[in-house]
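The values are calculated or read from the model by the stated rules, or taken from the named source; none is laboratory data. None of these values were measured; they are calculated from a predicted model. Here the Cβ is made from the backbone with ideal geometry for all residues, glycine too, and neighbour counts use every protein chain on show.
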Amino acid sequence: MIRKLLRRVFRRRDEPSRHEPAVISQARHGIDRSHVSQAARRTCETLQQAGHKAYVVGGAVRDLIAGIDPKDFDVATDATPEQVRHLFRRSRIIGRRFQIVHVMFGPETIEVSTFRAAHDENTVKDEHGRVLRDNVWGSMEEDAARRDFTVNALYYDPGTETVIDYHHGVADLKQKTLRMIGEPRSRYREDPVRMLRAVRLSAKLGLALDPAVSAPIRAMADLMENVPAARLFDEMQKLLFSGHAVECLKRLRDEGLHHGLLPLLDVILEQPLGERFVMASLASTDDRVRAGRSTSPGFLFATLLWHEVLAAWEKRKASGEYAVPAMFAAMDEVLEMQAGKLAIPKRILGDVKEIWLLQPRFEKRSGGSPFRLLEQPRFRAAYDFLLLRADSGEAPRELADWWTEFQEADHGGREALLRPDTGPKKRRRRSRGRGGRDEAAGGAMPGPAGEAPSGGGD
Ligand code: ATP
Ligand code: MG
């Protein structure tokens, strides 16, 4: 009701151009200037002193009004990238999909972008209507119109402490609604990633999706297939490390966006075996992000795909392959399946594989092996991974506890914890045959239910 009234008062319908923005005072938007980074304030000041318009824009303004500390600050200006570049000694032009300038102040980088024009018939698009290039400068009003959601089209002037609002974003934010600027269907066609952004931002800010924003998603989800893999990976990474990953996935499911969208998401949400494990891992990632602690993409992707690896590995063993080569093959199989759609960078893939390959080594609790494992650079990540496996019931709790004790003990204590060398699990001597891989996979892999590996058991 109130929303309708607010809209009637504030909004003429679909006005394409020439409408005066609302200028919202500090008393109404409530932004505390001391929460705006020094670097962003100085960037605006320098640009304004040179005669340009300059505002903090986008997610940072939205977050400040919502009472969240922004993770970075963007500035929008009517100065061209060249002009910006000349005003700041430590700056450089970055030319990707959009040309922007990075302005550096100490450890902080401010992204400065020039106001961009609205799309017209000259905009370069692919055959599905996806916008491919977007480098035409425009007015501030046009710049606001090409942003995705009303809450993302707010411009904050640190000098006057006012917010310029063309699309009633402040009212929507206070009403806790995520509303699209323009017609949602055509905005999704221009850039399908906006569907994922809608879900992520609604989870992050606790906003309800305007029905017009959510209604087309189910039918349009297939458009995600045309988005380049690297961009999808970036977006997935943002979602998974937003501090609200569990909520994001729940909302993706509600919107029907998880289905067929990304093989990775299908994997996460549709494997009964792994769901507990994956959810535990996402919840702990959320906790870490919110507490400002470090997170590792390698670790998270290793958890997301682990049960796929386990399943593939089991299948191969059941068809008579040896355990260790079967493990390597299972790993490659699962990673290949993901590679086509989701471009996981090589560096992250390396971490993923290492964490997986260290898991079998936790099985060996005799001789020098546990000591060598402790010295592995990735030991900590692999151990955390083992704890998660134990929490989800896939690895024996007793094994995880043993490793906790082993780490905490002094040298003598560790010696005392070692198991006799001739354990029942020891089936083969280590061989040098696999070019150094033998150590990594030397132990026996537990099965999905956590049982010790079998010589030929069930
Ligand atoms: P986050 O909290 O993740 O940083 P954000 O909204 O700031 O969220 P960015 O990717 O940093 O996301 O984008 C900055 C701003 O650029 C957005 O607030 C929005 O105004 C605009 N923007 C980003 N992506 C799109 C898009 N796909 N379509 C239209 N506008 C976009
Ligand atoms: Mg941002």
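Miscellaneous remarks
- Filtered residue count, segment 130-143, keeping only those that are away from ligand 2 (no atom under 16 Å from the Cβ), within 25 Å of S214 (Cα to Cα) and surrounded by 15 or more Cβ atoms within 10 Å (Cβ to Cβ): 3
- Among the residues of segment 70-103, the one identified as more than 17 Å from W137 (Cβ to Cβ) and touching a residue at least 60 places away in the same chain (Cβ under 8 Å) is V103.
- Considering residues of segment 47-69 that are in contact with a strand residue (DSSP E or B) (Cβ under 9 Å, 6 or more places away or on another chain) and within 13 Å of ligand 2 (Cβ to nearest atom) only, the residue farthest from P81 (Cα to Cα): L64
- Filtering segment 149-185 to residues that are of a type outside the set (F, W, Y), touching a strand residue (DSSP E or B) at 6+ places or on another chain (Cβ under 7 Å) and within 16 Å of ligand 2 (Cβ to nearest atom) leaves V151, L154, G169, L178.
- Considering only residues in segment 40-63 that are touching a helix residue (DSSP H, G or I) at 6+ places or on another chain (Cβ under 6 Å) and near ligand 1 (Cβ under 8 Å from one of its atoms), the one that is modelled with the lowest pLDDT turns out to be G58.
- When residues of segment 186-222 are limited to those that are touching a strand residue (DSSP E or B) at 6+ places or on another chain (Cβ under 7 Å) and hydrophobic (A, V, I, L, M, F, W, C), the one nearest to ligand 2 (Cβ to nearest atom): L201
- Helices (runs of 4 or more DSSP H) within segment 320-384 that include 1 or more residues modelled with pLDDT under 90: 323-339, 346-358
- Elements of type helices (runs of 4 or more DSSP H) in segment 115-213, at least 3 residues being free of Cβ contacts under 8 Å to residues at least 60 places away in the same chain, of a type outside the set (S, T, N, Q) and within 14 Å of ligand 1 (Cβ to nearest atom): 184-190, 193-205
- Hits in segment 304-323 (condition: surrounded by 22 or more Cβ atoms within 10 Å (Cβ to Cβ) and in contact with a Lys or Arg (Cβ under 9 Å, 6 or more places away or on another chain)): W306
- Residue-level analysis places L132 outside the set of residues that are touching a helix residue (DSSP H, G or I) at 6+ places or on another chain (Cβ under 6 Å) and under 30 Å from A40 (Cα atoms).
- Listed by first and then second residue, the pairs linking a residue in segment 25-53 that is at positive phi to a residue that is surrounded by 15 or more Cβ atoms within 10 Å (Cβ to Cβ), with Cβ atoms under 7 Å apart and 6 or more places separating them unless they lie on different chains, are G30/I65.
A quick yes/no check of all residues on (1) more than 16 Å from ligand 2 (Cβ to nearest atom); (2) at pLDDT below 95; (3) surrounded by fewer than 19 Cβ atoms within 10 Å (Cβ to Cβ); (4) not assigned by TED's automatic domain parsing to the domain that holds V131:
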residue: A76; (1), (2), (3), (4): no, no, no, no
residue: V84; (1), (2), (3), (4): yes, no, no, no
residue: R97; (1), (2), (3), (4): no, yes, yes, no
residue: P107; (1), (2), (3), (4): yes, yes, yes, no
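- Contact map, segment 226-254: residues that are farther than 21 Å from K346 by Cβ paired with residues that are of a type in the set (K, R) and surrounded by fewer than 17 Cβ atoms within 10 Å (Cβ to Cβ), Cβ distance under 8 Å, separation 6+ or inter-chain. Pairs shown: G243/R290.
- If you go through segment 14-63 and pick out every residue that is in a helix (DSSP H, G or I) and not polar (S, T, N, Q), you end up with 17.
- For segment 216-232, a tally of residues being modelled with pLDDT of 85 or more and within 15 Å of the chain's Cα centre (by Cα) returns 1.
- All positions within segment 42-70 that are over 18 Å from V101 (Cα atoms) and either crowded, with 16+ Cβ neighbours inside 10 Å or among the acidic types (D, E) (or both): V61, R62, D63, L64, I65, A66, D69, P70
- Subset tally (residues that are within 15 Å of ligand 1 (Cβ to nearest atom) and either within 18 Å of H52 (Cα to Cα) or part of a loop (DSSP other than H, G, I, E, B) (or both)) for segment 64-98: 14
- Looking across I93, I110, one residue alone is under 26 Å from L173 (Cβ atoms) and touching a helix residue (DSSP H, G or I) at 6+ places or on another chain (Cβ under 9 Å). It is I110.
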